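Rule-based calculations on the coordinates, nothing more; no lab input. Everything numeric in this text was worked out from a predicted model, so none of it was measured. We place every Cβ from the backbone using ideal geometry, glycine too, and count neighbours over all the protein chains shown.
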Amino acid sequence: MWKSVFYKEWLKIRWFIIGYTLLGILGIGYLFLALKHSFAFTGGKNVWNTVLFQGYQFYGLFKFVPLAGGLTIAVAQYLPETINKRLKLTFHLPLAGNRALLLMQAFGAGSLLVSFLIFFGLVAGFSLIYFPIQMVTDGVITILPWLLAGFAAYFMVALVVLEPNRIFRLCYSLVGGFFLTIYFTSAGTAAYAPANSGLFILTALLSIAFVFSAYRFRKGEM
Amino acid sequence: MIECNNLTHHYGEKLVFENLNFQVKEGSILGLLGKNGTGKTTTFNILNGFLQPTGGQCLVFGEDTQHLSPQTKSRIGFLIEGHIQYSFMNIHQIEKFYSGFYPRWKPAAYWELISKLNVPPGQKISNMSCGQRSQVALGLILAQNSDLLILDDFSMGLDPGYRHLFIDYLREYAKAENKTIFTTSHIIQDMERLIDDVLIIDFNKVLVQSTVGEFRSNFRRFDFELENDETDLKNERFIVNIEKVKNKVELYTYSSESEVKRYLDDKHILVSNFTQVKMELEDAFIGLTGKY
């Protein structure tokens with residue numbers, strides 16, 4: 001049965017996730033072309049100097065890419081379920097309601113994870129060509145909350161979109177918007193090092209929030 | 001197969017129905033009739049566990065509909081009002097999707113119906129007409145091979161050809177396979193072609209639960225003209241409903257012609273052109289519930 005649930009989710013998000021991943025790869029390609037350009041025209045010393053002592057993040061353009069991915073995939077995945085209350089079809093499947101929902105989410109979050117791992121691998125891999133491991137590690141620590149923000153946005157949108165009551169939806173959107181700013185509070189390189197594990201736990205906890213919206217839908221809240 | 005006891009529901013402070021009791025027996029085709037707002041879709045939503053009633057309980061295959069097990073859900077085919085399905089899928093994808101859930105899946109039942117549509121294999125459901133979508137939804141329910149079919153307003157948006165195709169196919173299938181159907185539709189002529197039993201609800205109560213034949217033979221309409229058009233008949237207990245325009249009267253009752261005539265004679269009410277009018281199910285429904 002999980003294969004059928006995954007199949008449905010794939011049909012919904014396939015063009016979005018493929019398009020998003022390709023755009024992300026192109027974006028990363030652009031970042032490293034620009035970096036290569038800087039190395040060629042201003043010299044390695046200058047680039048290292050700006051990265052090490054002036055806090056320049058050559059991957060800064062990547063900051064909101066995971067967030068955009070989380071929003072896009074969640075909307076592509078959950079909005080079709082709410083049109084004409086199609087979520088009823090899911091709940092009528094011979095499958096426990098929460099299990100069906102968690103399988104849907106596992107597929108969406110898993111797809112995002114694959115995209116993010118590709119991005120992460122490309123950024124880390126290309127960075128190692130130009131910088132030593134210590135500097136790349138700092139970059140990875142900096143990027144991590146941005147990636148977590150992508151998952152948090154995905155979970156938040158699921159909570160909002162599946163909520164049957166407009167007032168609740170508005171409240172969740174406002175809370176979600178403020179909540180997401182936690183992931184972008186500081187722009188300093190590796191500034192989130194002490195907070196990343198906490199952010200990870202917070203994001204993981206957020207992953208089950210949408211079950212509450214679905215529960216309210218099932219109880220006929222309007 | 002379905003048993004609802006003291007079912008009560010409110011939307012906010014608005015009462016939809018109170019202490020509604022009914023059963024659907026195995027192998028029957030029962031039609032739920034009621035005016036707009038009497039709670040037909042609400043009842044269907046409760047039966048499928050999409051709505052928690054304010055009071056009372058519905059059991060399907062002996063299980064509370066608020067906690068249906070996956071095994072029980074696999075025995076129920078559900079058609080959502082408007083033939084809602086996953087419109088982002090095409091006709092192959094949707095068959096592949098559902099077949100993974102139902103062990104008794106019969107693909108031939110689906111493809112036989114789809115073959116009547118003359119649509120290309122990659123046809124997306126979102127690009128289909130309402131009638132074609134209804135056939136897809138019906139095909140999926142038939143392929144599911146469930147024991148109980150719950151169909152919410154199956155004729156919505158369909159032209160007469162598709163309505164007849166839907167009904168004839170469904171009735172044939174249900175009778176051949178001894179399936180149970182609980183359904184509703186706004187087009188009562190369609191219901192009459194399909195159903196054996198009828199459950200008529202009005203605001204807050206069940207008015208009738210019987211076979212269609214019994215209801216049509218026991219519920220009668222008498223038309224006559226009053227000599228004195230100011231005569232008031234409304235408060236007589238044997239009269240279920242009365243429609244009066246000037247001196248022309250339509251009287252609906254469970255009483256026989258002789259009983260009505262005796263009553264008129266006893267009360268010295270002079271009438272002319274007294275006739276019993278044969279009613280179809282729709283006329284009887286309107287006679288019972290009134291023309292708003």
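Using the Cβ-Cβ distance between A:I208 and A:Q54 with R0 set to 45 Å, the FRET efficiency from 1/(1 + (r/R0)^6) comes to roughly 0.60.
Comparing Cα centroids, the stretch A:10-40 and the stretch A:46-107 end up 16 angstrom apart.
If you filter the stretch B:1-89 for trypsin sites (Lys or Arg not before Pro), then keep DSSP loop positions with at most 13 other Cβ within 10 Å, what is left? Counting only loop positions with at most 13 other Cβ atoms within 10 Å, the trypsin sites (Lys or Arg not before Pro) in the stretch B:1-89 are B:K25. Take every pair of alpha-carbon atoms less than 8 Å apart whose residues are at least six positions apart; their mean separation over the length of chain A yields a relative contact order of 26 percent. Charged side chains reduced to their Cβ positions (Lys and Arg at +1, Asp and Glu at -1) give the stretch A:2-218 a dipole of some 720 debye around its Cα centre.
Applying both filters, DSSP loop and at most 14 other Cβ atoms within 10 Å, to the chymotrypsin sites (Phe, Trp or Tyr not before Pro) of the stretch A:120-189 eliminates every site.
Beyond 18 Å in Cα-Cα separation lie the following of the pairs B:K40/B:K179; B:K14/B:K35; A:K3/B:K96; A:K88/B:K35; A:K12/B:K124; A:K12/A:K219: B:K40/B:K179; A:K88/B:K35; A:K12/A:K219. The calculated FRET efficiency for B:Q276 paired with B:H10, based on their beta-carbon distance and R0 = 51 Å, is about 0.80. Taking 4.7 Å between beta carbons as the limit, the unpaired Cys residues of chain B are B:C130. At R0 = 25 Å, how high is the FRET efficiency between A:I167 and A:N84 if r is their beta carbon distance? Nearest 0.05 is fine. Calculated value: 0.70. Across B:Y173, B:Y254, B:Y11, mean-square fluctuation computed from a Gaussian network of chain B (C-alpha pairs under 10 Å connected) peaks at B:Y11.
Its relative contact order, with pairs defined as Cα atoms under 8 Å and 6+ residues apart, puts chain B at 19 percent. Rounded to the nearest 10 degrees, the inclination of helix B:257-266 to the longest alpha-carbon principal axis of chain B is 30 degrees.
By Kyte-Doolittle mean hydropathy of at least 0.5 and Cα axial length of at least 27 Å, which whole DSSP H helices of chain A are selected? Show your work: numbers first, answer last.
Values: long enough: A:2-42 (54 Å, 0.80); A:97-130 (50 Å, 1.58); A:133-162 (43 Å, 1.90).
Flagged H segments are A:2-42, A:97-130, A:133-162.
From the residues A:L89, A:F32, A:F116, which one has its Cα farthest along the dipole of the stretch A:2-218 in the positive direction, the dipole being from +1 and -1 charges on Cβ of Lys/Arg and Asp/Glu about the Cα centre? Farthest towards the positive pole: A:L89. Using a simple spin-label model with pseudo-atoms 7 Å out from Cα toward Cβ, A:N196 and B:K261 lie 9.7 nm apart.
Across the stretch B:40-65, the residues whose backbone nitrogen lies under 13 Å from the label position 7 Å along the beta-carbon direction of B:E3 are B:57-65.
Put the Cα centre of the stretch A:167-222 next to the Cα centre of the stretch B:181-220 and the gap is 50 Å. Counted over chain B, the DSSP beta bridges are approximately 70% antiparallel.
The modelled label-to-label distance between A:R14 and A:T185, using points 7 Å beyond Cα along the C-beta direction, is 4.3 nm.
Longest stretch of chain B clear of exposed loop sites (GluC sites (Glu not before Pro), DSSP loop, at most 12 other Cβ atoms within 10 Å, sites excluded): B:27-226. About its Cα centre, chain B has a charge dipole of approximately 860 debye under the convention of +1 per Lys or Arg Cβ and -1 per Asp or Glu Cβ, with nothing else charged.
Can you compute the helix-only [θ] at 222 nm over chain B? Use -39500 (n - 2.57) per DSSP H run of at least 4 residues, normalise by all residues, nearest 500 deg cm²/dmol. Intermediate results must be reported in sequence, preceding the final value.
Values: 10 runs with 95 residues, N = 292.
Helix contribution divided over all residues of chain B: -9500 deg cm²/dmol.
Using a simple spin-label model with pseudo-atoms 7 Å out from Cα toward Cβ, B:D229 and B:T211 lie 4.3 nm apart.
Candidates A:A149, A:T185, A:L52 compared by Cα position along the dipole of chain A: farthest toward the positive end lies A:A149, with charges placed on Cβ.
So which trypsin sites (Lys or Arg not before Pro) in the stretch A:193-222 pass both tests, a DSSP loop state and at most 15 other Cβ atoms within 10 Å of the Cβ?
A:K219
Think of the protein assembly as shown as a dipole: +1 on every Lys or Arg Cβ, -1 on every Asp or Glu Cβ, centred on the Cα centre; then among A:P132, B:I242, A:T203, A:P132 lies furthest on the positive end. Could you check which residue among B:L148, B:L68, B:L138 shows the biggest mean-square fluctuation in a GNM of chain B with a 10 Å Cα cutoff? Fluctuation is largest for B:L68. Just checking the listed ones, B:Y263, B:Y110, B:Y102: in the Gaussian network model of chain B with Cα springs under 10 Å, the one fluctuating most is B:Y263.
Using only side-chain charges placed at the Cβ, +1 for Lys and Arg and -1 for Asp and Glu, the dipole size of the protein assembly as shown relative to its Cα centre rounds to 2180 debye.
222 nm [θ] for chain A, helices only, -39500 (n - 2.57) per DSSP H run of 4+, per residue, to 500?
Working: 9 runs with 175 residues, N = 222.
It lands at -27000 deg cm²/dmol.
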